[in-house]
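First comes the structure, then the notes that go with it.
The values are calculated or read from the model by the stated rules, or taken from the named source; none is laboratory data. These numbers come from a predicted model, not from an experiment. When we count neighbours, we look across all protein chains shown, and the Cβ atoms used for this are built from the backbone with ideal geometry, even at glycine. What goes into the accessible areas is simple: the full protein's heavy atoms, side chains included, and nothing from ligands, DNA or RNA. Shrake-Rupley method; radii C 1.70, N 1.55, O 1.52, S 1.80 Å.
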Amino acid sequence: IISNIKFPDDVWTNQTLTESYRKIQKEMERLMIDAKSNIDTNKNIIFYEIKSPYNLRSPLATRLSKEYQKKLIIIWSKIKNRVKLSARNQNKNIDVGKVLRNAIKGIKHESAGGHATAAGLDIRKGDWGVVKERLEREVNK
């Protein structure tokens, strides 16, 4: 689709792209409503399990972090035998990258990385309970 576009302004007139954009926007609106009514709040941390046909963990985490600026936002999903998450904190009162790296210390075959305001994590599903508990403990000290 993109390779058929000759001029930048053609993006806005391409029907396939605009339909895809509308679908994603509609799904983001649905997720925001669902997240606000189903978030799992634990003091300074918000957990939300995203269930969507699209990979929207990161943009949803960013949008929610703008509304809950002092909290650590964790948007997670189960993908096969893994848990993947995106984490955000707009207020910079929590170093997101550091918190995620600390949560997986000593656990094999896991990865976490990112920055002070935005980071991600990829772990085995079986380790999610331990990692979630560590996140809660560190953020709520």
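Under the condition of being out of contact with any Gly (no Cβ under 9 Å at 6 or more places or on another chain) and within 22 Å of Asn42 (Cα to Cα), which residue from the range 99-114 is most open to solvent (accessible area, probe 1.4 Å)?
Out of the qualifying residues, it is Lys105.
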Query raised in the report: Would a scan of the range 59-66 turn up a residue that is open to solvent by less than 10 Å² (accessible area, probe 1.4 Å) and touching a residue at least 60 places away in the same chain (Cβ under 8 Å)?
Result: no
Report summary line: Arg134: passes all of (1) open to solvent by 20 Å² or more (accessible area, probe 1.4 Å); (2) touching a strand residue (DSSP E or B) at 6+ places or on another chain (Cβ under 6 Å) but (2)
Query - Condition met for Lys70 (among the charged types (D, E, K, R), at negative phi and at pLDDT below 95) - result: yes
Query - Subset of the range 53-110 [among the small types (Gly, Ala, Ser) and assigned to a helix (DSSP H, G or I)] - result: Ser58, Ala61, Ser65, Gly97, Ala103
Report task. State whether one or more residues within the range 41-51 are under 18 Å from Leu121 (Cα atoms), at pLDDT 95 or above and open to solvent by 50 Å² or more (accessible area, probe 1.4 Å). Result -> yes
